[in-house]
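The values are calculated or read from the model by the stated rules, or taken from the named source; none is laboratory data. None of the values given here were measured: they were computed from a predicted structure. Glycine gets a Cβ as well: all are built from the backbone with ideal geometry, and neighbour counts include every protein chain shown.
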Amino acid sequence: MPITQIAISLTDTEESQLRAQGFRKNDVDLNEGLGGNTIYLWYKDESSGQAVTRIEFSYNVNMARGLSDAGFRKIDKNLNAGVGGACVYLWYYKGTTEADVAITDLHVSTDATDESLKVRFGWEKWSCNLNKGAGGDRIFLWVMREIPVYISDVTATSSWTSDVDLFERGYTRLDDHTNKDADTGKVFIWYLLTTVKRKAIRDLQVSHNPDEYNNFQEQGFNVVNMDLNKGTGKNQVFLWFRKDGNNPIKGIGFATNKDIKPYRSVGATVIKLTKFSTANLFFNR
């Protein structure tokens, strides 16, 4: 059944209240490895009611403003409560665009092996570490959708001006930036889902120098016109995609260096974004 409500508990009392209201609990502490508040994710899956179709996270004012203006609902519970680090908040949306497909299950991962199994079985990864800036275990949210979905478009932004427009058109933001060493101009990758297989992207690549740029251009790839290294003062890095080919891409996300081997072992493609960052882009077919 589709998930229609999501909640967060920070105390035993809140857990008891949510349980009494019929919510289901995910048993992974979102503060795993840190102490502090014991924080849990809860949800309701119901045959009636409008389904949750998108989830996003914010950890600064600008991210929150765009989500609020686009109509996302904020769960006003800091996922790093009691441990410092960034103030991370979960937002969800019940949309009706072609990209809005009902979410039917949620999973929280704490290690790369667990994550690789989710990749294998078609789960969609959210890229915001729920322990962001606080240390402890790296914790990520994964979702399963009602029917198969594919990636139909990708883009990238380095400012907040187009956030509302992209959200309203159905795009999902990878809520971690590509240029971790940059002082300014954080770059975010966005993707658009579709249930129509023929609309899907079939290949993704990343160019790190002019020779690679020209090579992908000659092969008929489309460039995402945004330097993923913007603000670092280092070489330009561009994301490329094309829609000709055999196997449609079903999911895209970020992977750490520790994730590379287990992700590749289940058939995912992992691409190094830059030589100077631990961020890697993965996609699965």
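Return the residue satisfying two criteria in turn: it lies in segment 197-216 and is free of Cβ contacts under 8 Å to residues at least 12 places away in the same chain and closer than 17 Å to D244 by Cα, and of such residues it is surrounded by the fewest Cβ atoms within 10 Å (Cβ to Cβ).
The residue in question is R198.
Could you pull out the residue among L141, L193, L117, L130 that is in a strand (DSSP E or B), closer than 20 Å to N280 by Cα and not hydroxyl-bearing (S, T, Y)?
Of L141, L193, L117, L130, the one residue that is in a strand (DSSP E or B), closer than 20 Å to N280 by Cα and not hydroxyl-bearing (S, T, Y) is L141.
Run V61 past the list (1) in contact (Cβ under 8 Å) with a residue 40 or more places away in the chain; (2) surrounded by fewer than 20 Cβ atoms within 10 Å (Cβ to Cβ) and report the number of the one that doesn't hold.
Unmet condition: (1).
Can you tell me which residue in segment 219-234 is modelled with the lowest pLDDT, limited to those that are over 22 Å from D153 (Cβ atoms) and surrounded by fewer than 18 Cβ atoms within 10 Å (Cβ to Cβ)?
G233
Rundown of residues vs (1) within 18 Å of the chain's Cα centre (by Cα); (2) assigned to a loop (DSSP other than H, G, I, E, B), yes/no style:
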position: K74; (1), (2): yes, no
position: G84; (1), (2): no, yes
position: C87; (1), (2): yes, yes
position: W91; (1), (2): yes, no
position: T96; (1), (2): no, yes
position: V101; (1), (2): yes, yes
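Counting just the residues of segment 160-185 that are more than 21 Å from R54 (Cβ to Cβ) and either of a type outside the set (S, T, Y) or without any contact (Cβ under 8 Å) to a residue 12 or more places away in the chain (or both), which one comes out surrounded by the most Cβ atoms within 10 Å (Cβ to Cβ)?
N179
Which condition number does D114 fail, the rest of (1) surrounded by fewer than 19 Cβ atoms within 10 Å (Cβ to Cβ); (2) more than 16 Å from E56 (Cα to Cα); (3) modelled with pLDDT of 95 or more being met?
(3)
Considering only segment 29-43, state which residues are farther than 19 Å from T53 by Cβ and at pLDDT 90 or above.
I39, Y40
Tell me, please, whether a residue that is crowded, with 20+ Cβ neighbours inside 10 Å, of a type outside the set (K, R) and either in a strand (DSSP E or B) or at pLDDT below 95 (or both) can be found in segment 11-28.
Checked segment 11-28: no residue is crowded, with 20+ Cβ neighbours inside 10 Å, of a type outside the set (K, R) and either in a strand (DSSP E or B) or at pLDDT below 95 (or both).
Listed residues V52, V108, V88, V154; which is in contact (Cβ under 8 Å) with a residue 60 or more places away in the chain and buried (at least 21 other Cβ atoms within 10 Å of the Cβ)?
So the residue among V52, V108, V88, V154 that is in contact (Cβ under 8 Å) with a residue 60 or more places away in the chain and buried (at least 21 other Cβ atoms within 10 Å of the Cβ) is V154.
Suppose we keep only residues that are assigned to a loop (DSSP other than H, G, I, E, B) and polar (S, T, N, Q) within segment 145-190. Which one would you say is modelled with the lowest pLDDT?
T184
So, L41, is that one in contact with a helix residue (DSSP H, G or I) (Cβ under 9 Å, 6 or more places away or on another chain) and among the hydrophobic types (A, V, I, L, M, F, W, C) or not?
no
Might you let me know whether segment 217-233 holds any residue that is assigned to a helix (DSSP H, G or I), of a type in the set (V, I, T) and either in contact with a Pro (Cβ under 9 Å, 6 or more places away or on another chain) or farther than 29 Å from G95 by Cβ (or both)?
There is no residue in segment 217-233 that is assigned to a helix (DSSP H, G or I), of a type in the set (V, I, T) and either in contact with a Pro (Cβ under 9 Å, 6 or more places away or on another chain) or farther than 29 Å from G95 by Cβ (or both).
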